[in-house]
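The values are calculated or read from the model by the stated rules, or taken from the named source; none is laboratory data. What you are looking at is a predicted structure, and each value in this text was computed from that prediction instead of being measured. Note that each Cβ is placed from the backbone with ideal geometry, even for glycine, and that neighbours are counted across all protein chains shown. Heads up: the accessible areas ignore ligands, DNA and RNA and are worked out on the full protein's heavy atoms, side chains in. Shrake-Rupley method; radii C 1.70, N 1.55, O 1.52, S 1.80 Å.
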Amino acid sequence: MYRILELLRRQEGFLSGEDIGRELSITRAAVWKGIKKLREEGYEIEAVTNRGYRLTNPETMYNKRELEQGLKTKTMGQSIYFYEETDTTNNRARELALEGAPEGTLVVAEKQTAGRGRRGKVWESPLGTGIWMSLVLRPQIMPVEASVLTLLCGLATAEAIEAETGLSAGIKWPNDILINGKKAVGILTEMDCEMSEVHFVIPGIGINVNTTSFPPEIADIATSLYLECGKTVSRRLERLEEHYETFLRTGSFTAMLEDYRKHCITLGKEVHVLGREPFFAEALDITPEGELLVRRADNGKEEVVF
Ligand code: BTN
């Protein structure tokens with residue numbers, strides 16, 4: 001049904017049930033069923049005889065009410081900020097955190113105009129095709145302990161994708177999620193801290209959900225859930241909350257380490273370790289601190305990297 005929504009969004013004015021059916025290779029009855037489901041989720045869709053369907057409020061892909069109703073969490077997403085368009089959800093979450101937003105505050109945008117990736121890269125975040133979200137976390141930990149939060153988010157997202165789609169989601173350490181060898185999810189974790197105290201952590205998660213094509217320069221390496229399985233993923237955060245609670249309770253990532261290792265496709269592979277003096281190495285293991293243990297190709301010595 002989200003593909004119907006996508007077509008309606010692209011269309012200026014009405015789109016006939018016949019055209020939708022032809023485009024998606026489904027019957028008109030299936031189109032009508034999809035429209036009904038979308039309406040049940042809160043989308044306003046006008047239907048006019050002989051003309052077809054039209055999104056009354058095309059700016060709304062999913063609404064705040066839908067997000068709130070779907071969540072069964074205790075803290076994550078109990079306070080939701082929803083933007084049709086913003087520069088980056090990480091900036092909004094940071095501003096909210098500085099204003100005192102509570103733990104678990106969720107920022108979601110339909111479109112980001114300046115989506116940020118790691119190492120200064122741009123994160124393409126077009127309207128209505130993905131999940132662009134950031135959280136405000138306030139763990140009482142030391143800054144050095146915060147790096148495992150990004151691994152925890154990667155694991156939770158990979159598990160949520162697997163549960164929803166049946167696809168196998170591999171984590172490329174520390175937190176890119178690859179499906180059939182192509183990247184579908186990126187995570188950018190930012191932090192505000194002093195030497196010995198974390199004020200807040202902002203994990204920003206980008207999931208390519210309904211993207212049907214990518215710009216030529218990344219088409220070989222990027223994918224979406226839709227491209228891999230033809231189905232969308234629900235926007236649940238239960239796994240993340242569960243892992244985060246375990247982390248806070250035990251004070252470590254150890255309880256999740258085995259599951260992380262199972263998902264981690266980097267282990268056993270050759271990696272290029274960047275830094276002042278880049279080197280090649282074999283990835284051996286993940287440490288409880290979330291670092292990668294490697295064996296250097298040049299001198300066989302073991303080292304941890306982050
Ligand atoms: C990467 O793989 O380079 C990280 C990409 C992170 C993208 C997400 S989308 C939501 C949040 N807002 C941003 O600007 N970036 C993160």
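In the set Cys264, Cys229, only one residue is crowded, with 17+ Cβ neighbours inside 10 Å and either touching a strand residue (DSSP E or B) at 6+ places or on another chain (Cβ under 9 Å) or polar (S, T, N, Q) (or both); that residue is Cys264. Residues that are touching an Asp or Glu at 6+ places or on another chain (Cβ under 9 Å) and in contact (Cβ under 8 Å) with a residue 40 or more places away in the chain within segment 78-111 comprise Glu85, Asn90, Ala93, Arg94, Ala97, Leu98, Gly104, Glu110, listed in sequence order.
Considering (1) more than 14 Å from the chain's Cα centre (by Cα); (2) near the ligand (Cβ under 9 Å from one of its atoms); (3) open to solvent by 60 Å² or more (accessible area, probe 1.4 Å), the lone condition that Gln140 does not fulfil carries the number (2). Kindly indicate whether Ser125 is within 14 Å of the ligand (Cβ to nearest atom), open to solvent by less than 10 Å² (accessible area, probe 1.4 Å) and within 23 Å of Lys74 (Cα to Cα). Answer is no for this residue. Taking the criterion of being modelled with pLDDT under 95, more than 15 Å from Gly130 (Cβ to Cβ) and away from the ligand (no atom under 16 Å from the Cβ), would at least one residue in segment 177-187 satisfy it? No. A single member of Ala160, Ala146 is in contact with a Lys or Arg (Cβ under 6 Å, 6 or more places away or on another chain) and either open to solvent by less than 50 Å² (accessible area, probe 1.4 Å) or within 14 Å of the ligand (Cβ to nearest atom) (or both), and it is Ala160.
Residues that are modelled with pLDDT under 95 and outside any loop (DSSP other than H, G, I, E, B) were ranked within segment 88-111; the one that is surrounded by the most Cβ atoms within 10 Å (Cβ to Cβ) is Val107.
If I ask for residues that are surrounded by 17 or more Cβ atoms within 10 Å (Cβ to Cβ) and more than 10 Å from the ligand (Cβ to nearest atom), which ones from segment 192-207 would you list?
The answer is Val198, Phe200, Val201.
Do we have Arg119 as open to solvent by 70 Å² or more (accessible area, probe 1.4 Å), at pLDDT below 90 and either touching a Ser or Thr at 6+ places or on another chain (Cβ under 9 Å) or near the ligand (Cβ under 8 Å from one of its atoms) (or both) here? Taking the combined requirement at face value, the residue satisfies it.
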